[in-house]
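Let me begin by presenting the structure, written as structure tokens, before commenting on it.
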Amino acid sequence: MKIAVVQASSQAEKNALIYGTVKKYAPDADVINFGCFADDETRFSYIEISVLVGLLLSSGAVDFVVTGCSSGQGMMLACNNMPGVLCGYIPTPQDAYLFAQINNGNAVSLPLGEEYTWAGRENMDKTLAKLFSEPFGQGYPKSEAARKLEDTKLLKKIRNSSQISMPELLKALDKSLLEKVLSKKDIVGYVLENGKDDELSSLLKDL
């Protein structure tokens, strides 16, 4: 499993904490840290990062993304506008576990600007521990697992039917936004090297 870590620049000081915690609780995964880092010259908003999350997931370059912003809500909403992304908001361990087991999505958003005293760091640790505590998509509660999993399949089918493709989205984006997104060369380069969507890779080379 390939897991990308990337959060908005406003919470760059939390990046090392997120990355280290994901590595701790997903030891068998290939975890790639894309920042954003405190010393980056360019700063990226949660909107811009959400498009990059979409690129990583829709291309097949990674299997899962751990992200976040100050509230966590904005990033979750923005990511869910991206083709092929099903992102959950996980402020607590219980939310993380239920999202993994019932919704079986491919991205999660953490609230990174709230209560980051010792208690905030402890909550993140417990939240990511619970997220990766069991294989995803087993259903919950166990007595209703079959029904829950069927509902999740239906949700994903409806989302796929209602969304345009990532290449179509990139072509429709405002030029200034697209240029900003594509300036994050580490992610764009990783998608070109590891992505499985030939149409998307071809378009990125031409943009």
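Rule-based calculations on the coordinates, nothing more; no lab input. None of these values were measured; they are calculated from a predicted model. In this analysis, Cβ positions are derived from the backbone assuming ideal geometry, glycine residues included, and neighbour counts consider all displayed protein chains.
Here is how the numbers come out for the structure above:
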| quantity | calculated |
| --- | --- |
| Net charge of neighbours whose Cβ lies under 14 Å from the Cβ of Asp30, counting Lys and Arg as +1 and Asp and Glu as -1 | -1 |
| Label-point separation in nm, Leu77 to Thr42, each point 7 Å along Cα→Cβ | 2.6 nm |
| The chain - mean residue ellipticity at 222 nm from DSSP helices (-39,500 (n - 2.57) per run, n ≥ 4, rounded to 500) | -15000 deg cm²/dmol |
| Exposure proxy ranking, count of Cβ atoms within 10 Å, fewest first, for Asp198, Asp63 | Asp198, Asp63 |
| Gain on full stretching of the segment that runs from Glu13 to Arg121 - 0.36 nm per residue minus C-alpha separation | 37.6 nm |
| Projected label distance in nm at Thr92 and Asp30, using a 7 Å step from Cα toward the beta-carbon | 3.7 nm |
| Neighbour-count ranking [beta-carbon atoms within 10 angstrom, fewest first] of Ser143, Ser201 | Ser143, Ser201 |
| Within straight-line cross-link reach of Lys142, aspartates and glutamates at Cα separation under 18 Å, skipping those fewer than 8 residues along the same chain | Asp95, Glu134, Glu150, Asp151 |
| At 0.692 mPa s and 37 °C, Stokes diffusion of the chain via Kirkwood alpha-carbon radius, µm² per second | 191 µm²/s |
| Long pairs among Lys156/Lys196; Lys24/Lys184; Lys2/Lys205; Lys24/Lys205, criterion Cα-Cα beyond 29 Å | Lys24/Lys205 |
| Per-q log10 I(q)/I(0), the range 100-198, q = 0.12, 0.16 Å⁻¹ (Debye; single scatterer per alpha-carbon; no solvent) | -0.71, -1.06 |
| Paramagnetic reach from Ser202 (point 7 Å along Cα→Cβ, amide N under 17 Å) across the range 162-194 | 165-171, 192-193 |
| Length released on extending from Ser70 to Ser183, taking residue separation times 0.36 nm less the Cα-Cα span | 38.4 nm |
| Distance from the range 52-125 to the range 139-206 (C-alpha centre basis), Å | 15 Å |
